[in-house]
Amino acid sequence: MYQIFRENLKYILLVFLCWAITFPLVYENRDRVLAWANSRFNGLFENPNPRIVRSLLERGDSILEGRKQSGTSFVAKIVAFFQTEENPKNVVLPLDLALMEKSCLYYQTQNHISEEFLEPRWREKATDWGSPLFPKNPDPRELKLGPHPRDYWNSHISPLLEILDLYKRALQFSGPDFQVPKKIESVAWAACRPSEILLAYRTHMSQTEEYVLKKMKKEGKIIPSGLTEVQVLSIALSQIKKSTYPEVSPNDYLESLLRQILLSGMKSFSPLEVDKVYERILFIVSGSETEVLKYRFRRGELFLQVGKRDNKFLKLSIEQFREAMNIDRASENEDANFPLLLVHQFQCQLRIAQAFYTMGEYKTSLRELDALMPKLRNVDERSVGGEKKDIVKDFKDTKRMTLRKLGRYEEADEIPP
């Protein structure tokens, strides 16, 4: 053994030297290395792979159901729990995802509160921490406390993270299967990991598009070479919208897009990424004029918000609001609510005035606001379900600020609050 070691000493030293040189680089870029290795490993399997997805989901579901049962002596644990004010350390209460989510949200709102004030008061426990697992006592004279939120959450978080990991692994092989991101959402809120939900829906979106393009190539449908990324995406979206493949649901795909917009307030997406989602939504809903107007308005609001930091987006916001103002085709629909379309049109023009105000073009902003004066009745009459107070107040505040920027202080002060 010693002789073998001596004969190969130079090779052993060479390996150690190479490892000593490369180890800092590998360690510094370990996330990229692991992502590359994971990608190469997953590439060995067919994607999508329903068999792998089903196996991983079943494993996660079995753990989830086991935690909901939390052992066999369910009644004994509940009785033991209610014998004292706090949950005994040796008692694991059944899992309730809604209660876990409530506990997560509670402590997120207490981020800047001193440690000694983090404990919920006894009345909060009695009134706010109810659950179907822990019914309230019908006798109002006797309050029974719900579970201690922090101890309850900590008792289930480890297996919940394991379940989430299994669902995320299934997501890599799920393709257009919508049940996987839905399952991730069901546990991610409870695990206090909302960013995982956003990632799940974004992954579902991209995998659905990749699946459609792969199917088209496999079936010999010609996709011309030299197309831009936007053109290739348009081809995929047109196939999704037409339901060319039964396993790809346009409704699921659209819901995945809408969930991303809803969750993007968590700032996990850049505004440009959100805008790409809006482009897809507008493609899918094209044909429904009311929906197109709604999402053009929302896209304009995105550009207006970003434009407060980067003026080049303000012109884009004005373009979107101009497009969203065109209610003629939507109003031709028999089911259209014309008064609400007029409210929508008023809001669009008000946003245009606000965009010009943000750009410093106060005279142009005032012209837009003056043009809205005769249209105030559209948001101030009972025909639209009562006065739209928020919109009216927004209009008055914008006009007051604009007049003051133009030095017309007396006119600004005359505008009623």
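Laboratory data are not the source of any read-out in this text; all were calculated from the coordinates shown. Fair warning: this is a prediction, and the values are worked out from it, not measured in the lab. Here the Cβ is made from the backbone with ideal geometry for all residues, glycine too, and neighbour counts use every protein chain on show.
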Calculated P(r) tail over 17 Å for the stretch 224-323, as whole % of Cα pairs: 57 percent
Two-site label geometry, LYS214 and LEU272: point separation in nm, points 7 Å out along Cα→Cβ: 2.8 nm
THR358-LEU13 FRET efficiency (beta carbon distance; Förster radius 51 Å; 0.05 resolution): 0.20
Zero-based 5 Å bins, Cα pair distances in the stretch 287-417, whole percents: 2, 11, 19, 20, 21, 14, 8, 3, 1, 0
Neighbour-count order for THR402, THR208, fewest beta carbons within 10 angstrom listed first: THR402, THR208
Estimated distance in nm for a label pair at ASP370 and LEU258, the labels positioned 7 Å out from Cα along Cα-to-Cβ: 4.2 nm
Which of MET100, MET325 has the fewest Cβ neighbours within 10 Å, and the rest in rising order: MET325, MET100
Under-14-angstrom lysine pairs by C-alpha in the stretch 287-417, whenever the two are 8 or more apart or on separate chains: 5
The stretch 287-417: relative contact order in percent, alpha carbon pairs under 8 Å with at least 6 residues between: 18 percent
Fewest-first ranking of THR358, THR228, THR290, using other Cβ atoms within 10 Å as the exposure measure: THR228, THR358, THR290
Distance between the stretch 200-250 and the stretch 390-417 - C-alpha centres, whole angstrom: 50 Å
